[in-house]
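Student: Below you'll find the structure I mean.
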Amino acid sequence: NGAICIQPCSPSFHGETSFVCEDRKWHMLSDACASLDVQSLFQVRPGHGKPGDGAKHLGAVNQNCQADFSCIIPDILSSPAIPGNIADIVELLKKISLLLSENVTRGKMQGYSRIANHILNSSIISNWAFIKDRNAGSVLLDSVNLFAGKLLLRNGSESIQEPFIATKGYSIHRNTSGKSFDFSMEFNSTGNITGHVVIPEEELLRLPRASKAISVAFPTLGAILETNQLDPALVNGMVLSVSLPEELQNILLTFEKLDKLEQGRAQCVGWHSAERRWDPRACEVRAHSLTAVVCACAHRRRTYRSFSILMAPAAPRSPLLDYLTRVGLGLSIFSLVLCLAIEAVVWHHVTKTEITYMRHFCLVNIAASLLVADVLFILAAIVHNTALNYQLCVAATFFLHFFYLALFFWMFTLGLLILYGLLFIFFKITRSVFLVAAFSIGYGCPLVISILTVAITEPKNGYLRSGACWLNWYETKALLAFVVPALSIIVMNLIVVLVVVVKTGRSSTGEGCKSRDLSSMIRVSKNVALLTPLLGLTWGFGLATIIDSHSLAFHVVFALLNAFQGFFILLFGTLLDRK
């Protein structure tokens, strides 16, 4: 039933159900062990436990236990830190991090730290060498980082100290002077060692809004982390882990040496969890003395660009999405440049009538708006990745917002033009009236919406989202200033397509000729294929990414349909035009 054995039977376990330990890795002193139903901690549905297995008893205190893990801590702390127990406690901490890391309160973090502290005690570090999973130390580090990163800060700061693991957190924002974290921790009976984390003030200026920084110190973890390197180096200090907003990239770390008599060359490194090794590219030595080393570390994570971020509150980190976005935008930009070049060459030949002039005028502005928007999408990603400055990110977002809105409003103008050609045959408008109306709709409306969005949300630091130069969602819902106009235009253009289908399919009605019916179906299909990219109907799939922003499949489909829109405009709007 998912129960794990924590320690040999003892008087403190009277009343609990006992069972025979089948797994000898526990090295138990007795075959009969008390069962601790850890599954009850994770809210197992009633009925999963058998009568008398302890699930009912612990299930009654489920909510209280999840608040601070008090129902399991006494048993864990009284268990011997032998290899089998250490391995399963690491697995327990991993499950807690994955399943119970929402709204990590001070009580939760204290309970979690007490459990981790039990297996990080310097007196039992040698037992880690006998654990079968050589990656256990790295798993522990990742689990603690994940859990601590969700710590809620009361009154702007939090500090939780155990002898062998300490967690500190601070609220940070652009106007904060350089923040620092100081740790002084027990390593063994001979004394303490210290660590120091500094976030430079110039880094804090990159923050778009108030955020938080969490740091965790491990004085003994360096002896536990096992690398795949043939010549592993000695870790001569504590391990400092720092969780920062993506905008912050550079920090300073000061390590007091454990062995101050060591005269060898010091090296600053960062732990690479995926490859299970120390990475010398992550940090460099800034200063070195007999007692301490100052390291400058780059807090860089691979940022995956996803085209679906334009409509979704969040996009999953996926190399597939990144690849589709890169290829799609590259092909789209090339196709749009070619499209505009062809239009320039044949312009006088295809705009001899008023209606063809208006259609090609809309097509050129659609292509130009999308071309500029796609280029800006790439530039905005570069700005964010290199973190040039906050103001540049705001500017990139403003123009990105404006030109993608212009794309939609020009597609809306084209839709109105199609309706005009179909329904108002005897009503003529002059070219000058059309140009004034088209520019007012195509560029005037996007400009008003873009300016209002930045004017309303930027003073509250709610214009940008965290992790990208694009509109905020979770704090101010600024993204709605793009999503609502876009979806509204898609609905209007869908009505236009339905009108076109009805009009073009009417000629074969009642004729009873299969060949004419087939010809009509082909004509309707061509019209739908032609109008779908030109009127932006494929963007309607963005609604799926809004409803379920965690579904990778929805994001992939959206990227396939829309990152390649420039290519489809070239194909259906230009190359398949017989003129």
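Student: Go ahead and run the numbers for FRET between D577 and A437, Cβ-Cβ distance against an R0 of 22 Å, rounding to 0.05.
Tutor: With a Förster radius of 22 Å, E is 0.35.
Student: Give a residue-ordered list of calculated ³J(HN,Hα) values for the range 94-111 (Karplus: 6.51 cos²θ - 1.76 cosθ + 1.60, θ = phi - 60°; whole Hz; x for Gly, Pro).
Tutor: Working through the residues one at a time gives 5, 5, 4, 5, 7, 9, 10, 9, 7, 6, 6, 7, 4, x, 4, 5, 5, x Hz.
Student: May I pose another question? Given the whole protein assembly as supplied and a 1.4 Å probe, what does the accessible area of R431 come to in Å², nearest 10?
Tutor: Taking all protein chains as shown, R431 has close to 90 Å².
Student: Would you mind getting the Kirkwood hydrodynamic radius of the range 409-449 from its Cα pairs, rounded to one decimal in Å?
Tutor: 10.8 Å
Student: Also, quick follow-up: Find, among the chymotrypsin sites (Phe, Trp or Tyr not before Pro) in the range 409-454, those assigned to loop by DSSP (not H, G, I, E, B) with at most 13 other beta-carbon atoms within 10 angstrom.
Tutor: On the way: sites: F409, W410, F412, Y420, F424, F426, F427, F434, F439, Y443; in loops: F424, F426, F427.
Sparse-neighbourhood loop chymotrypsin sites (Phe, Trp or Tyr not before Pro): F424, F426, F427.
Student: Can you give the accessible area of Y390, probe radius 1.4 Å, in Å² rounded to 10?
Tutor: For Y390, solvent-accessible area is about 10 Å².
Student: Next question, about the same structure. Given a Förster distance of 60 angstrom, what is the FRET efficiency for L77 paired with V501, based on the Cβ-Cβ distance and rounded to 0.05?
Tutor: Efficiency for this residue pair is about 0.25.
Student: Quick one: if the Förster radius is 25 Å, what FRET efficiency do S126 and T105 give, using the C-beta to C-beta distance and rounding to 0.05?
Tutor: E between S126 and T105, to the nearest 0.05, is 0.15.
Student: Once amide H atoms are built 1.01 Å from N in the peptide plane, which residues 5 or more positions from N250, or in another chain, come under 5 Å H to H?
Tutor: Amide H to amide H, under 5 Å and 5 or more residues apart or across chains, N250 pairs with H299.
Student: Right, here's the next one. Going from most exposed to least, what order do V484, V528 have by accessible area with a 1.4 Å probe?
Tutor: Ranked from most to least accessible, the order is V484, V528.
Student: Using a 1.4 Å probe, what is the accessible area per residue for the range 311-467, in Å²? Mind dumping the intermediate values first?
Tutor: Details: 7020 Å² over 157 residues.
With all protein chains present, the range 311-467 gives 45 Å² per residue.
Student: I've got another one for you. So what are the ³J(HN,Hα) numbers for the range 129-138, from phi and the Karplus equation (6.51, -1.76, 1.60; θ = phi - 60°), rounded to whole Hz, Gly and Pro as x?
Tutor: 5, 9, 7, 5, 7, 6, 9, 4, x, 5
The values are calculated or read from the model by the stated rules, or taken from the named source; none is laboratory data. Quick caveat: nothing in here was measured; it's all calculated off a predicted structure. Heads up, the Cβs are rebuilt from the backbone with ideal geometry, glycines too, and the neighbour counts pull from every protein chain shown. SASA here: full protein model, heavy atoms, side chains in, ligands and nucleic acids out. Shrake-Rupley method; radii C 1.70, N 1.55, O 1.52, S 1.80 Å.
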